[in-house]
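Colleague: A single structure is presented below for examination.
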Amino acid sequence: MSDVNDDDFGQDLERAPLSYERKEFVHGPDGRMVRILSEYLDPLSRFRRQQIQDTVVFFGSARFHSLSAAESELKMLDKPGSLQLASPEWQQQFKRAQVKVQMARYYEDARKLAHLLTEWSMGLPSKRKRFVVCSGGGPGIMEAANRGASEAGGISVGLNIRLPYEQMPNRYITPELNFEFHYFFMRKLWFAYLAKALVVFPGGFGTFDELFEILTLTQTEKLAKKMMVLVYGRDYWTKVINFEALADLGVISPEDLNLFKIVDSPEEGFELLKENLMREHFHFPEHQNAPEIARTRP
């Protein structure tokens with residue numbers, strides 16, 4: 001055998017990257033399970049570190065504004081002497097601005113209810129953080145809920161979703177509890193898992209989806225806990241959904257109408273929440289090392 005110099009075979013290979021550091025794997029089709037697990041384990045870890053025991057979730061339209069912002073927009077459009085006043089485009093914009101002022105009531109009510117709830121929950125004798133305000137993390141009712149909690153001096157959760165048109169997190173979320181999800185179903189899991197109550201303000205397709213999903217889970221007893229559902233704004237909800245007709249036509253049972261309560265003021269909503277949360281959930285032991293995650297029935 002002839003002598004061969006090791007240098008003739010070139011340089012040694014560099015270390016291969018670890019699998020979870022390979023972006024083409026993690027972000028590709030074969031890494032989907034890794035991404036799904038990450039959206040379960042990372043929030044779980046962060047909730048543990050922040051000692052979050054459970055939440056109260058606020059849902060509602062992302063399109064509502066605070067009263068001051070809505071009134072400012074209307075005032076800008078209603079400038080006297082404007083040459084655009086007679087145009088169809090201006091008339092449509094002006095009508096939308098008037099509706100925004102009308103619907104701003106719900107932003108302010110969500111803000112006040114979240115403030116009342118946070119102020120009360122912060123005074124509970126508990127080692128862990130109880131009944132923390134949680135929203136979808138974006139604007140509108142979501143912002144109002146996080147804002148109310150922040151103005152009460154408390155923390156709040158934002159479970160945002162990455163969308164093509166960029167739903168950015170609102171500035172009132174506690175930074176350590178600011179989450180962003182790729183998968184809608186993982187975001188929904190975290191809405192349901194920690195929640196002890198749900199407050200549903202007026203909203204569109206997304207709000208309907210979230211409301212009826214929780215009602216379905218409750219109706220079918222898929223959650224082994226009693227979750228209170230408050231539907232906020234009788235005028236809006238009775239206009240867009242005829243709940244009684246569903247029972248009259250036999251597609252739901254009359255008893256299913258008891259799965260939620262309709263309220264019309266922050267004070268009314270707060271009193272119902274406080275009474276229910278104390279009766280159904282505050283007696284739970286607090287020695288867990290993890291959040292008090294919803295159990296499912298066997």
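Colleague: Between residues in the range 144-165 that are more than 23 Å from Asp42 (Cα to Cα) and residues that are aromatic (Phe, Trp, Tyr) and surrounded by fewer than 24 Cβ atoms within 10 Å (Cβ to Cβ), which pairs lie under 7 Å by C-beta distance while being six or more apart or on different chains?
Modeller: Note: pairs meeting the criteria are Arg147/Tyr172; Ser150/Tyr172.
Colleague: Let me ask something else. Name every residue in the range 147-171 that is more than 20 Å from Arg49 (Cα to Cα) and modelled with pLDDT of 95 or more, in order of residue number.
Modeller: Residues satisfying the conditions are Arg147, Gly148, Glu151, Ala152, Asn170, Arg171.
Colleague: Same structure, new question: Restricting to the range 123-143, name every residue that is crowded, with 21+ Cβ neighbours inside 10 Å and hydrophobic (A, V, I, L, M, F, W, C).
Modeller: Within the range 123-143, Phe131, Val132, Val133, Cys134, Ile141, Met142 meet the criteria.
One line per residue, one yes/no per condition, for (1) assigned to a helix (DSSP H, G or I); (2) crowded, with 17+ Cβ neighbours inside 10 Å:
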| position | (1), (2) |
| --- | --- |
| Lys79 | no, no |
| Gln91 | yes, no |
| Tyr106 | yes, yes |
| Ser121 | yes, yes |
| Gly154 | no, yes |
| Val157 | no, yes |
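Colleague: Sticking with this one: Taking the conditions exactly as written (at pLDDT below 95, basic (Lys, Arg) and more than 29 Å from Ser38 (Cβ to Cβ)), does Lys222 satisfy them or not?
Modeller: No.
Colleague: Filtering the range 166-212 down to residues that are free of Cβ contacts under 8 Å to residues at least 60 places away in the same chain and assigned to a strand (DSSP E or B), which residue is farthest from Cys134 (Cα to Cα)?
Modeller: Only one residue tops the list, namely Glu180.
Colleague: Assess whether Asn146 counts as being assigned to a loop (DSSP other than H, G, I, E, B), under 14 Å from the mean Cα position of the chain (by Cα) and buried (at least 22 other Cβ atoms within 10 Å of the Cβ).
Modeller: no
The values are calculated or read from the model by the stated rules, or taken from the named source; none is laboratory data. In this text, all values refer to a predicted model and were calculated from it rather than measured experimentally. Glycine also receives a Cβ, built like all others from the backbone with ideal geometry; neighbour counts cover every protein chain displayed.
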